[in-house]
Amino acid sequence: MASSFLVRRIGVSAAALGVVAAITAFVVIAAPVTETAAPAEEEAVAAVVVAEPEVQAISSATGTLVAGESLVITGTALDDVTDVTFGGVSATDVVVTDSETVTVTVPSAVDFQPSTVDIAVLADDAAVPTAETLDYTYEASTPVDNQMQYLMEHWEDYNVDEYGDLNSVGGDCANFASQSLLMRGWDMTADWFNYDAAADWSGAWGYVPTMEIWLNSNPELGATQLSFDERDQAKVGDLVVFDWNDNDFLDHIQVVSSVETVDGETVIKMVGHNLDTNYRDLDETITVDHPGATGHFWSIP
């Protein structure tokens, strides 16, 4: 039989062992909590990793010479995009829709000539990396494309073998404008024609006042007259007629070659013969070249 002293010693040891067991249990239980916290911390770190800017795709790789189509650029971290260029020419209406999408309006081909150009996406002056080289091909695929391509090829290199040169009989401006409409798809008629390199031509073809009368007399052509105050409705390929002396007698005609918005104002430039030019400024024409001149547009459908 154990003595009371021995029992007391055993009791104390059991109690002590209980404390140790409790401490050990606490340690065993607490350790897994520490281990499971590590993945959560890693996920939190991963969540704040910033995506690198990159252009991955464009919605179309071809378009018209006159352009104006809307193009969608997709990628990652595109928030800071400020400019998109096509062969070095900036697009218009560059809009960052979200971090993965930018929409732009494609600029016209240089001098309305078919070409394949590089697309560059810029954040300020820095190029945004692309997943692959981005090209854009301009093709003559509309009537206005054909008209403008022809005008830019012949504004100073007259196509005399086919349509002659009427400068010697008062000016070649209407002759050239009529040629452009022919390239646009209009057909010669009994009243509007030029045959055998201007050996036989009509007033409606080569003489501005008669051409004006002809346009007014043939509404089936669909041409609509617009004032210079309505220039925001003018478009590339439209006609511009001038009365240099504001005396109700028309003197000159050109074709719209550019329509841009600059500081909120519509800027019109023109291509034509006589004063042979490819991008003549409308406002300079009626204020500097011919102060007080008047005129209007013919909007061509």
Answer rounded, prolate or oblate for the range 255-301, using the Cα gyration tensor with square roots of eigenvalues a ≥ b ≥ c: rounded when a/c is under 1.5, else prolate when a/b is larger than b/c, else oblate. rounded
Taking the range 112-184, which GluC sites (Glu not before Pro) meet the DSSP loop condition and have no more than 11 other C-beta atoms within 10 Å? GLU132, GLU156
Express the carbon and sulfur contribution to the solvent-accessible surface of the range 188-267 as a percent, rounded to the nearest whole number, probe 1.4 angstrom. 46 percent
Kirkwood Rh over Cα pairs of the range 84-165 into Stokes-Einstein at 20 °C, 1.002 mPa s: D in µm²/s? 143 µm²/s
Out of residues 5 or more away from THR142 or on other chains, whose amide H comes under 5 Å of its own, with H placed 1.01 Å from N in the peptide plane? LEU65
First check a/c for the range 228-278, with a ≥ b ≥ c the square roots of the eigenvalues of its C-alpha gyration tensor; if it is under 1.5, answer rounded, and if not, answer prolate when a/b is larger than b/c or oblate otherwise. oblate
What's the FRET efficiency of THR266 with THR287 using the Cβ-Cβ distance as r and R₀ = 22 Å, to the nearest 0.05? 0.90
Please list, in chain and number order, the residues 5+ apart from GLN225 or on another chain whose amide H is under 5 Å from its amide H, with Hs placed from the backbone. SER299
If each K or R counts +1 and each D or E counts -1, the residues other than GLU220 whose Cβ falls under 15 Å of its Cβ total -2
For ASP251, enumerate residues with amide H under 5 Å from its amide H, sequence gap 5+ or separate chain, H modeled in the peptide plane. PHE242, ASP243, TRP244
Along the charge dipole of the range 53-153, pointing to its positive end and built from +1/-1 on Cβ of Lys, Arg, Asp and Glu, which listed residue (GLN147, ALA126, VAL72) has its Cα farthest out? GLN147
Total charge of the residues flanking ASP111 in space, meaning their Cβ is under 13 Å from its Cβ, with Lys and Arg +1 and Asp and Glu -1, is -3
For PHE249, the accessible surface traced by a 1.4 Å probe with all protein chains present amounts, in square angstrom to the nearest 10, to 90 Å²
Rounded to the nearest Å, what's the spacing between the alpha carbon centres of the range 98-177 and the range 206-226? Just the number, please. 27 Å
Give me the number: length gained by fully extending THR133 to ASP161, i.e. 0.36 nm times residue separation minus the C-alpha to C-alpha distance, one decimal in nm. 5.8 nm
Provide the per residue accessible area, probe 1.4 Å, for the range 67-208, rounded to a whole number of square angstrom. 46 Å²
If we restrict to alpha carbons, what Rg and Dmax does the range 178-301 come to, in Å? 14.4, 47
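The values are calculated or read from the model by the stated rules, or taken from the named source; none is laboratory data. Just so you know, these numbers come straight off a predicted model, no measurement behind them. As a convention, Cβ positions derive from the backbone with ideal geometry for all residues, glycine included, and neighbour counts pool all protein chains shown. The area values use the complete protein model at the heavy-atom level, side chains included, leaving out ligands, DNA and RNA. Shrake-Rupley method; radii C 1.70, N 1.55, O 1.52, S 1.80 Å.
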